[in-house]
């Protein structure tokens, strides 16, 4: 008997603006490839990791055994559905009140409704988060978003070409949205130290290498957002 181990998809970090504007799905050539959502910035994702404020938690279904949730970040809102077939997320959500900061890992799906296609999340885990973790998530997600914008401008990868063909993406709009998300975080700190670190790093640009297989724990590290602060 042969045992097959399936590699779990990496949970990508992505802002609501980018993910919830997605309508297109693709598969790899592999016969057992999962269905990926292709975002307007060329990200292929099957799972996501997000941190935001839980603003809605509404019971749905005949027996009230499904929650419809809304989680907002600095760019928009995510919509998700949590049922008893996701016991870990369902049980955790029952004890979390609205207007609470939460972190969740979720599968991503595109559905076609009467008014068009839309993205929903199917949370696998959900937990209460703290403001420091949220702020770090915003900064890290901003870096990854900017990298995708750069790849889209180059137009060399197949996913970038396809995303531009499908969405005709306004890259300057997305850059503005990302910049505003970072500025909102920075406003909470006033003239905080990270800005000084970014100014010191302006003279020496370095490529930020992101380990997509890292776990979801937060570690103290510098993030170069110099490009975001340019007008």
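Across segment 38-55, what is the total count of residues that are closer than 27 Å to residue 67 by Cβ and over 12 Å from the mean Cα position of the chain (by Cα)? Write out each step before concluding.
Here is the first cut: in segment 38-55, the ones closer than 27 Å to residue 67 by Cβ are 39, 43, 45-55.
Pick out the ones that are also over 12 Å from the mean Cα position of the chain (by Cα) and you get 53-55.
Final tally of qualifying residues: 3.
Considering each residue of segment 128-138, count those that are loosely packed, with under 13 Cβ neighbours inside 10 Å and in a loop (DSSP other than H, G, I, E, B), and give that number. Selection size over segment 128-138: 1. Scanning segment 93-124 for residues being surrounded by 12 or more Cβ atoms within 10 Å (Cβ to Cβ) and either under 11 Å from residue 54 (Cβ atoms) or over 21 Å from the mean Cα position of the chain (by Cα) (or both) gives a total of 9. Name every residue in segment 42-67 that is surrounded by fewer than 16 Cβ atoms within 10 Å (Cβ to Cβ) and over 28 Å from residue 142 (Cβ atoms), in order of residue number. Listed by number, the residues that qualify are 58, 59, 60, 61, 62, 63, 64, 65.
The criterion of at least 3 residues that are modelled with pLDDT under 95 and touching a helix residue (DSSP H, G or I) at 6+ places or on another chain (Cβ under 8 Å) is met by none of the strands (runs of 3 or more DSSP E) wholly inside segment 1-118.
A single entry from 169, 159, 141, 125 fulfils the requirement of being under 24 Å from residue 26 (Cβ atoms) and not in a helix (DSSP H, G or I): 169.
The values are calculated or read from the model by the stated rules, or taken from the named source; none is laboratory data. Computed from a prediction, not measured in an experiment: that's the story for all the values here. As a convention, Cβ positions derive from the backbone with ideal geometry for all residues, glycine included, and neighbour counts pool all protein chains shown.
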